[in-house]
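Values quoted throughout were computed directly from the atomic coordinates according to the rules given, and no laboratory measurement underlies them. Bear in mind that the values here come from a model prediction, so they are computed numbers and not experimental data. When we count neighbours, we look across all protein chains shown, and the Cβ atoms used for this are built from the backbone with ideal geometry, even at glycine.
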Amino acid sequence: MAELKLADIKSFASLPVKTPSYDIESMIAKTCAEPTWLHFGAGNIFRIFIAGLADDLLDKGLLDKGIIAADLFDGEIIDKIYEPHDNLTLAAGMKADGRIDLSVIASVAESINGTAGDAADKRLEEIACAPTLQMISFTITEKGYALRGLDGEFLNVVKADIENGPSDCHHAMSRVCALLLARFKACAKPLALVSMDNCSHNGDKLKSSILEIAGEWLAKGFVEKEFISWMEDNITFPLSMIDKITPRPDKEVQAKIEALGISSMDPITTSKGTFIAPFVNAEIPQYLVIEDLFPAGRPALENAGVYMTDRDTVNKVEKMKVTTCLNPLHTALAVFGCLLGYRKIADEMQDTDLCTLVNKLGYDEAMKVVTDPGIIAPKDFIAEVITERLPNPYIPDMPQRIATDTSLKIPIRFGETIKSYIADPALDVTSLEYIPLVIAAWLRYLLAVDDEGAPMEVSADPMLPTLQAYLSDVKWNDPSTLGDAADPIIKNDLIFGTDLIACGLGGKIRGYLFSMLQGKGSVRGTLKKALY
């Protein structure tokens, strides 16, 4: 049996696994001596995608140093996954026909448990102060940048960091700010801080949090104004858009890997709740678009398939994905999938009615107002989503997961398209059929009863109590109970970005919802009637 370790890497040559062609030991020595790339957030999207980019460039001879990966939230990832496997990752690219592309990613030269105390802190400071450092990248999730809770007040950990100053801080943003202060004092060389998290305007969120911590420290006398001026002039925060579905480790994938004779692939659950394994399974399509704002230089990421571009184009790519080509289709499948009893998105794409719905929603309605970013053709992107990504049975994504927080997602996923129709004199917003149909299905979903009349768990949503209160007298099998109960929701411009009654869509939504309240099978019946 072969293990995922440097000493065993030669034994992978006889297996259907791609292994690095570069000198790993030499890369590690160079990286540790003169680091150029530090990454925070050592989870699966980093391991298979970001580290995979560096691995590709190393293989092509376009890079001679790798990445130093650190985790400030869940150090067990480093101690129990990275270190026992010499920082190697076994990447499993999941093809729609069931085949798996396996490769060993070796580009992580060093890993640091950022929760381990003084020695780790000292090493992170050394790296941050290295004149050779070009960038610090992040995949720490959107929550990792947040300084405040839902009440608008600083989180307790942030309050403590502000009081204690740079020498004793714990929140990720405070710690990064402290590392920048150390760099300012040591060499004052410029640097790019690149958020690669899947959230809108990610670089702006990172910048805002770092500068806010610095401002609080300035007010307390911990830092000088010159430090903040230096950051404003020398530290950049490029925007990025990332897209790659990376589910949790799958036991069927593990079984296939172990059948090849590769051992010790068991996943672990850390005390912080991270479910992680020595292998990472993900879809093969991947997109990373980055604003090219790197004052200290950067790897030739464009040679690994990354789109390096300007700020405006990053925003356009994100808008294309979120308002037209992927996210609206996901939400349509989420609400109808839950109502019709599905547990997998891929299974829904085998349902002729639902597959027809996403095609009509995407091609007939959303694509008429799509934002074309110029670097990725929307028609190619949506075709890949509908024909390859959504139907892939080996990417176990669930409609129940995607239905989470739908009230927060709708203004972007559907509201933007509706507003574009209103703004375009050549288009008639009242011609829309499938967006109103999905909105009606979402209102029907809020009743927490499926199309067979069985109770159905509704996914978490901050507006759920308010929304369900409006519909509390509506019965799933009695259309006479509807009346105007849904009107306060339909005309709520916070949810839809515009008043849907005022723009002329209210009657259509009410009509579809009325039709869905006829009892068992009426959601399916309404869907068929609208499509054919």
query = When only Cα pairs under 8 Å and 6 or more residues apart are kept, what is the percent relative contact order across the chain?
reply = 12 percent
query = Restricting the count to DSSP beta bridges whose residues both fall in region 207-352, what percent are antiparallel, rounded to a multiple of 5?
reply = 65 percent
key: On Cα atoms only, tilt of 434-445 relative to the major axis of the chain in degrees   = 90 degrees
key: Separation in nanometres of the label points that stand 7 Å from Cα toward Cβ, at GLU153 and LYS18   = 5.2 nm
message = Give me log10 I(q)/I(0) at q = 0.07, 0.19 Å⁻¹ for region 313-531, Debye formula, one equal scatterer per alpha-carbon, no solvent.
response = -0.19, -1.55
query = So which aspartates and glutamates can LYS60 reach, going by Cα to Cα under 16 Å and dropping same-chain residues fewer than 8 places off?
reply = ASP23, GLU302
query = For region 331-336, in order, what is each residue's ³J(HN,Hα) by Karplus, 6.51 cos²θ - 1.76 cosθ + 1.60 with θ = phi - 60°, in whole Hz (x at glycine and Pro)?
reply = 5, 4, 5, 5, 6, 5
query = With r defined as the distance between the Cβ atoms of ALA160 and CYS199 and R0 fixed at 22 Å, what FRET efficiency is calculated, to the nearest 0.05?
reply = 0.30
message = With angles folded into 0 to 90 degrees, how steeply does helix 506-516 sit against the dominant principal axis of the chain? Use alpha carbons for both and round to 10.
response = 80 degrees
task = First measure r as the distance between the Cβ atoms of MET463 and SER167, then evaluate 1/(1 + (r/R0)^6) with R0 = 41 Å and state the FRET efficiency to the nearest 0.05.
result = 0.45
message = For LYS143, give me every one of the lysines with a C-alpha distance below 16 angstrom, ignoring sequence neighbours fewer than eight places off in its own chain.
response = LYS205, LYS207, LYS272
Separation of the ASP310 and ALA146 label points, Cα + 7 Å toward Cβ, nm = 3.4 nm
request  = For region 209-216, take each phi angle, set θ = phi - 60°, evaluate the Karplus expression 6.51 cos²θ - 1.76 cosθ + 1.60, and give the result in whole Hz per residue in order, putting x for glycine and proline.
outcome  = 5, 4, 5, 5, 4, 4, x, 5
Cα-based helix-to-principal-axis angle, 118-129 vs the chain, degrees rounded to 10 = 90 degrees
Inter-site label distance for ASP487 and THR356 at 7 Å from Cα along Cβ, in nm = 3.4 nm
message = I need the phi-derived Karplus couplings for region 8-14: 6.51 cos²θ - 1.76 cosθ + 1.60, θ = phi - 60°, integer Hz, Gly and Pro marked x.
response = 9, 4, 5, 6, 6, 4, 8
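Among THR313, THR466, which comes first, second and so on when ranked by fewest other beta-carbon atoms within 10 Å?
Taking fewest neighbouring Cβ atoms as first place, the list is THR466, THR313.
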key: Cα-centre dipole for the chain with unit charges at Cβ (Lys and Arg positive, Asp and Glu negative), debye to 20   = 660 debye
message = Skipping prolines and chain starts, which residues have an amide H placed within reach, meaning under 5 Å, of the one on LYS18, given they are 5 or more residues away or on another chain?
response = LEU102, SER103, VAL104
remark   = For LYS379, counting only lysines whose alpha-carbon sits under 20 Å away and dropping same-chain residues fewer than eight positions off, the answer is LYS244, LYS316, LYS319, LYS321, LYS360, LYS368
task = Quick one: work out the % antiparallel among DSSP beta bridges in region 232-317, nearest 5.
result = 65 percent
ask   = region 397-459 to region 474-532: how many Å between their Cα centroids?
value = 10 Å
remark   = log10 I(q)/I(0) for region 144-259, Debye formula on C-alpha points only (no solvent), q = 0.15, 0.18, 0.22 Å⁻¹, two decimals, reads -0.71, -0.92, -1.24
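Take every Cα pair under 8 Å in region 313-531 that's 6+ residues apart, average their separations, divide by the length, and report that relative contact order as a whole percent.
24 percent
For the chain, compute Rh as the Kirkwood radius over C-alpha pairs and then the Stokes-Einstein diffusion coefficient at 37 °C and 0.692 mPa s; write the answer in µm²/s, rounded to an integer.
Values: Rh = 25.0 Å.
D, rounded to a whole number, is 131 µm²/s.
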